[in-house]
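The values are calculated or read from the model by the stated rules, or taken from the named source; none is laboratory data. Predicted, not measured: the structure shown is a model, and the values here were computed from it. FYI the Cβ positions are ideal-geometry reconstructions off the backbone, even for glycines, and counts take in every protein chain you see.
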Amino acid sequence: MLGFSQTREWVYPQSISGRFTTIRRWTFLGLHLLLLITPWITINGNPALRVDLPARTVFLFGYIFTSSDTIFLLLLLWFAVFSLFFFTAVFGRIWCGYACPQTVFLESWIRPVELWIEGDRLTRKRRDAKGWSFDRAWRKLAKWTVFFAVALFLSMGGMSIFAGVRELWTGQAGPVEYSLVAIFAGFWFIDFTWFREQFCSYVCPYARFQSVLADEETLIITYNIERGEPREAGKQAARDGRCIECSKCVVVCPQGIDIRDGFQLECIQCARCIDACTSVMDKLGHPTLVAYGSIAESEGREVRRWRPRTMVYAAILVGIMMSGGVLLARRIPFEATVNRAPGSLYTVDADGYTRNTFLLKITNKSPDIEPVEYEISVAGLDDAEVLTDAVELGSTETRTIPLIIRVPTSAELERTTPFEVKVSAESGAVVLSPTFKSGAEIGGTGS
């Protein structure tokens, strides 16, 4: 660890295999596929996953969201917040151990590279303790070179979600995109080479949130004190199923803590210590001393996974999902806005008609390949004559067209008359509410 009055104390976690390690590996594989493969997939010619910030557009598995769909972003943020509350209250730091990018990248890339170049835990620890030598120097240089390549690769993968993936990987993206890649690559390189577990202990606020969100019935990793103590290295402890002081649960911990000392904020619940203890106790014919549990369970009390706080969190999550589903089902896959043409109020034509000129902007948010035709109609103005161009838009296409509305002199108009512009397509209709201006108060009926 790195304390304010201490120097860096390196953690050398030993490799381990077991049930939870296997589960985590499959989880890591799925997350890597989501990060690295999904941006390359196209649905109807659009990326399956992309956040286009300059265009303020999000492509999400066949759906296209724009800045007018802010409600979905708000629901997503609320869903993330209450998911954090719910899953932490029930399962503890499951995010840290199974889905956090810090954990995923370290376990999937960095530790295997260290094992390949520098050897196992004891070999690395002994070599580092001897000080600098040619053998240590070339291994460190080779390892750091691979770390930088991994950091660059992962940064490119992450930026692919925000930039065009094909443009980014073929060198056709802009300087801003590549500058951000360089910044993120530098961050990951520092994290891989030096920061590591310190990020979880000192920077990440989740450990502090956990102490507030968790309670005595939250699932955590526990040590069976009643059966494991007193610890003793010997045959009698092995026969009794007590802790034999092998310290395997300690040497595999990526945070450098001893789970036998009780619940600690540094624990990321990766369950490596469970696999380690299981591998030892299985050989001795006893169940593991380290397992998922809770403080209430260790004290012999009944564990309630569904309790008032978790039920409230779950109800809110269900409400958010239902609201999002209803809004998504009723969502019209295009947007339209109408504004008066700049510098234009009204004009009286030679034939006596009063003319207002608007600019109608339509954006097609449908993922379908086939172009969509839009019809424009007006309601609320008697005998109105509508002059506009036919509109046909492809997916994600936006067009602004002039919308001219003429009303005859015989129509009874007020100075400002509200009316409706209806933009229709097969998927639905959008109704806009502009106003029609005339010279009624000055010239009577617009003359």
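Restricting 116, 95 to those that are touching a Phe, Trp or Tyr at 6+ places or on another chain (Cβ under 8 Å) and either in the same structural domain as residue 30 (by TED's automatic domain parsing) or within 24 Å of residue 266 (Cβ to Cβ) (or both) reduces the list to 95. With respect to the stated conditions, residue 80 is closer than 30 Å to residue 273 by Cβ and free of Cβ contacts under 8 Å to residues at least 40 places away in the same chain.
The number of residues in the range 362-395 that are exposed (fewer than 15 other Cβ atoms within 10 Å of the Cβ), assigned to a strand (DSSP E or B) and touching a residue at least 40 places away in the same chain (Cβ under 8 Å) comes to 4.
For the range 14-21, the criterion of being surrounded by 17 or more Cβ atoms within 10 Å (Cβ to Cβ) and not in a loop (DSSP other than H, G, I, E, B) is met by at least one residue.
Looking across the range 239-262, the residues that are surrounded by 19 or more Cβ atoms within 10 Å (Cβ to Cβ) and assigned to a loop (DSSP other than H, G, I, E, B) come down to 242, 243, 244, 252, 253, 254, 255, 257. Taken together, the residues in the range 224-238 that are under 14 Å from residue 286 (Cα atoms) and surrounded by 11 or more Cβ atoms within 10 Å (Cβ to Cβ) amount to 5. A search for C-beta distances below 7 Å between a residue of the range 190-218 that is more than 16 Å from residue 92 (Cα to Cα) and any residue that is among the small types (Gly, Ala, Ser), counting only pairs 6+ apart in sequence or on different chains, returns 192/151; 197/256. Is it the case, given these coordinates, that residue 336 is surrounded by fewer than 16 Cβ atoms within 10 Å (Cβ to Cβ) and over 28 Å from the mean Cα position of the chain (by Cα)? So residue 336 does not fit the description; no.
Considering the range 196-238, the residues that are outside any loop (DSSP other than H, G, I, E, B) and among the polar types (S, T, N, Q) include one that is farthest from residue 298 (Cα to Cα), namely 198. For the range 348-358, the count of residues that are of a type in the set (A, V, I, L, M, F, W, C), in contact (Cβ under 8 Å) with a residue 60 or more places away in the chain, out of contact with any Ser or Thr (no Cβ under 9 Å at 6 or more places or on another chain) and surrounded by fewer than 14 Cβ atoms within 10 Å (Cβ to Cβ) is zero.
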